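Any read-out appearing in this document is the output of simple, stated calculations on the displayed coordinates, not a laboratory observation. None of the values given here were measured: they were computed from a predicted structure. Because the Cβ atoms are built from the backbone with ideal geometry, glycine has one as well, and the counts that use them run over all protein chains shown.
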Amino acid sequence: MNQEISANTTAAPAQKRQSNIELLRIITMIMIVAHHFSVHGNFDFPINTVTINRLWIQFIQIGGKIGVDVFVLISGYFLITADSLKINKAIKMWIQIFTYSILIYVLFVILRPTPFSAKDLVKNALPITYDRWWFASGYFVLYLLSPFINKAIRSFDRTTYLQMLALMTFCWCIIPTFLYETWECNDLLWFIYLYLISGYIRLHAKESTITGRTYLLVSGFLILLTFGSAVVFDFLGLRLPFFGMNATFFYEMHQIPIVLISITMFLGFSKIKMPYIPAINLISATTFGVYLIHDNRYVRPFLWRHIFRNAAFAEDRLLIPYSIVVVLLVFIVCSLIELIRIHVLEKQYMKLIDWLCVTLSREGSSQTPGYVKSMTALYNRFHRQ
């Protein structure tokens with residue numbers, strides 16, 4: 001979740017990016033890992049009792065969809081001004097997704113009782129097509145569409161842009177919050193909606209005197225308020241089971257509380273003055289890899305149910321410290337694996353891909369999106385041979 005996104009809200013060399021947004025990526029990815037500890041840990045708390053452990057698991061669950069929304073908001077803010085995307089960046093993202101998809105599958109076939117099948121091999125060799133990671137698939141398509149979205153949006157005046165966002169908010173945010181139904185919305189459309197929100201902030205929002213600290217305080221308050229709704233539902237569930245079974249109703253990424261938390265969190269970090277800190281930027285570069293590794297469909301049950309055995313700690317007084325240690329450990333180990341992949345594999349093949357894309361793009365029109373120029377030039381070269 002770290003593709004084509006700058007960390008600086010002012011013009012600066014890419015190698016010296018400020019680390020405020022990079023830190024936000026790290027924090028939100030840790031929140032996503034904690035969310036996965038909660039929802040994939042096979043916890044099964046009875047709805048007729050309210051315990052500290054149950055409340056804790058519900059508390060760390062809230063960060064998952066916040067993290068998703070924040071990552072897309074970051075992308076929209078920094079991509080909205082781009083005239084075209086670079087084909088080398090798209091290839092880089094696809095290879096990263098492909099590498100983890102196919103290698104993890106092969107590893108589990110060899111080392112674990114995962115049966116081999118040609119069908120599964122094909123699906124893992126085409127991870128975007130077969131949606132091996134829902135976020136990665138949606139984000140990759142959003143990235144490809146971004147230059148066209150940008151050109152369309154620039155034809156809108158501020159009022160038209162606001163009207164469109166208001167309609168999308170009503171259909172895809174307000175209605176789901178109160179009725180738990182959306183008007184024909186899927187993950188990609190939701191990503192486009194978030195992209196357009198942060199795009200509006202970048203293109204049309206007036207400079208605010210609200211400080212980053214204030215935004216973060218509001219975000220923290222909304223988190224506690226949203227968690228408080230789960231606590232209230234838990235206790236109502238002692239008499240009316242319906243509430244207990246839907247305690248985390250307001251945790252979904254389409255819900256108003258989660259959207260507001262994500263926006264205020266993003267605005268808060270964007271206003272924080274933070275210098276370039278190499279360690280933060282280095283770790284931030286691994287966040288998408290952390291997601292791909294730990295939430296792979298083969299790794300996921302093995303990690304949470306067999307290695308860490310989350311559910312075994314459901315009634316244990318050590319659940320809170322145990323979950324914190326496990327979440328940080330998973331993040332650190334996955335981050336190290338991703339760093340190895342970047343330095344051993346990615347830096348090598350990207351030299352060739354970067355050179356090829358630059359060479360081919362010179363043959364296209366400057367008015368054509370970069371990836372179209374590259375594909376057209378490649379076709380023409382082979383056609384002439």
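Remark: region 189-241 is approximated by an ellipsoid whose semi-axes, taken from the C-alpha gyration tensor as √(5λ), come to 34, 18, 6 Å, largest first. Neighbours of F37, meaning other residues whose beta-carbon lies under 12 angstrom from its beta-carbon, give a summed charge of +2 when Lys and Arg score +1 and Asp and Glu score -1.
For the chain, the longest principal axis of the alpha carbon atoms and the long axis of helix 52-61 meet at an angle near 20°. Cβ crowding within 10 Å ranks V39, V333 as V333, V39, fewest other Cβ atoms first. Backbone geometry of region 330-342 corresponds, through the Karplus equation with coefficients 6.51, -1.76 and 1.60 at θ = phi - 60°, to 3J(HN,Hα) couplings of 4, 4, 5, 5, 5, 5, 5, 4, 5, 4, 4, 4, 4 Hz, x marking Gly and Pro. Against the chain, whose longest principal axis comes from its Cα atoms, helix 256-271 is set at around 60 degrees. Mean residue ellipticity, 222 nm, helices only, the chain: the sum of -39500 (n - 2.57) across DSSP H runs of n ≥ 4, divided by residue count and rounded to 500, is -21000 deg cm²/dmol.
Using every pair of distinct Cα positions in region 85-229, the Kirkwood expression returns a hydrodynamic radius of 18.7 angstrom. As a ratio to 2.2 N^0.38 Å, the alpha-carbon radius of gyration for region 14-356 is 1.03. Taking a quarter of the surface of the Cα convex hull of region 97-165 gives a mean projected area of 6.0 nm².
Summing Cβ point charges (Lys, Arg +1; Asp, Glu -1) relative to the Cα centre of the chain gives a dipole of roughly 1000 debye.
Our coupling estimate for region 67-82, obtained by passing each phi through the Karplus curve with A = 6.51, B = -1.76, C = 1.60 and θ = phi - 60°, is x, 4, 4, 5, 4, 6, 4, 4, 4, x, 4, 9, 8, 5, 8, 6 Hz, Gly and Pro reported as x. Once Rg and the Kirkwood radius are both taken over the C-alpha atoms of region 73-129, their ratio Rg/Rh works out to 1.19. Of the residues L282, L24, the one with the fewest other Cβ atoms within 10 Å heads the list, and the complete ranking is L282, L24. Karplus-derived 3J(HN,Hα) values for region 215-222, using 6.51 cos²θ - 1.76 cosθ + 1.60 with θ = phi - 60°, are 4, 5, 5, 4, 4, x, 4, 5 Hz; glycine and proline are entered as x.
Measuring between alpha carbons in the structure, the pairs from K92/K351; K151/K206; K86/K351; K89/K351; K206/K271; K92/K347 lying more than 18 angstrom apart are K151/K206.
Within the shell of other residues whose beta carbon sits under 14 angstrom from the beta carbon of T51, the net charge comes to -2, with Lys and Arg scored +1 and Asp and Glu -1. Normalised size of region 24-150, defined as Cα radius of gyration per 2.2 N^0.38 Å with N residues, equals 1.33.
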